[in-house]
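Scroll down for the structure; my scribbles are underneath it.
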Amino acid sequence: MGDILDEVTALVRCKECPWYKNCVIPVQVSVEDIGQFRMAMQGTNLPEQAKSELDQIMESMAAMSQEMILQSCPVFTQRLKEEPKLARQLKKMMQNWGKEGEPDE
């Protein structure tokens with residue numbers, strides 16, 4: 001009986017989550033985020049060259065983060081932490097992405 005209640009609770013948590021059906025998305029760094037960083041830099045006493053270098057670093061980090069970092073919903077994150085088997089299955093799926101017709105290991 002406990003398993004059924006756990007399943008129902010998990011389903012309800014998922015459907016009530018604001019991320020529902022969007023469990024994982026790339027990190028989104030917007031133009032506004034970069035603009036806020038630039039405004040914060042204006043109030044510093046750094047030389048203009050240092051500000052320019054920091055601005056370039058920020059833009060590079062924003063571009064890289066969108067390619068390498070994912071945001072995930074709290075329910076999905078918790079499930080991965082609680083179920084190492086699920087995490088292993090996802091990892092295996094991703095490693096075998098596009099290898100249709102090949103037998104599973």
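Data table
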read-out	value
Selection from Leu86, Val8, Gln36, by position along the positive dipole direction of the chain (Cβ)	Val8
For the chain, accessible area per residue (1.4 Å probe, heavy atoms of protein chains only), Å²	86 Å²
Cα-based equivalent ellipsoid, the chain: semi-axes from gyration tensor eigenvalues, Å	40, 21, 11
Label-to-label distance, nm, for residues given as Leu70 and Met58 (7 Å Cα→Cβ offset)	2.9 nm
Whichever lysines have a C-alpha closer than 22 Å to that of Lys15, once near sequence neighbours (fewer than 8 apart) are set aside	Lys81
Extended-chain gain in nm, criterion 0.36 nm per residue less alpha-carbon gap, Gln95 and Ile4	29.6 nm
Accessible surface ranking that places the most exposed of Ser52, Ser65 first, with a 1.4 angstrom probe	Ser52, Ser65
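The values are calculated or read from the model by the stated rules, or taken from the named source; none is laboratory data. Just so it is clear, the structure is predicted and the values come from calculations on it, not from any experiment. Because the Cβ atoms are built from the backbone with ideal geometry, glycine has one as well, and the counts that use them run over all protein chains shown. Protein only, heavy atoms only, side chains kept; ligands, DNA and RNA dropped before computing areas. Shrake-Rupley method; radii C 1.70, N 1.55, O 1.52, S 1.80 Å.
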